Amino acid sequence: MTVFAPLRIHPSRHFDIRADSGGRWLACGRDGLCGGTFRTRAAAIRFALFETGGDASHIHEGPAPARGGRRP
């Protein structure tokens, strides 16, 4: 019996996950074509994992912005 592995149709995306100053979590595709705003970090990561075909090496977490600073 042979093992069937589907070929990837499109190149894999890379995502940056970070919190914004309002406490929301952002999943931003580095190509600028895909992304979203989420209530929890887990939801943002779940979305990014789905979009990358489960490849966690294509998900990158950035630092959260400093709180309490002045807005420009």
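Using the structure shown, decide if Arg67 is among the charged types (D, E, K, R), surrounded by fewer than 13 Cβ atoms within 10 Å (Cβ to Cβ) and modelled with pLDDT of 95 or more. No: the conditions fail for Arg67.
When the residues of segment 29-47 are narrowed to those that are at pLDDT below 95 and touching a Lys or Arg at 6+ places or on another chain (Cβ under 8 Å), which ends up farthest from Pro63 (Cα to Cα)? Among them, the one singled out is Leu33.
The values are calculated or read from the model by the stated rules, or taken from the named source; none is laboratory data. Remember, it's a predicted structure, so these values are computed and weren't measured experimentally. A quick note on method: Cβ atoms are made from the backbone with ideal geometry, for glycine too, and the neighbour counts reach across all protein chains shown.
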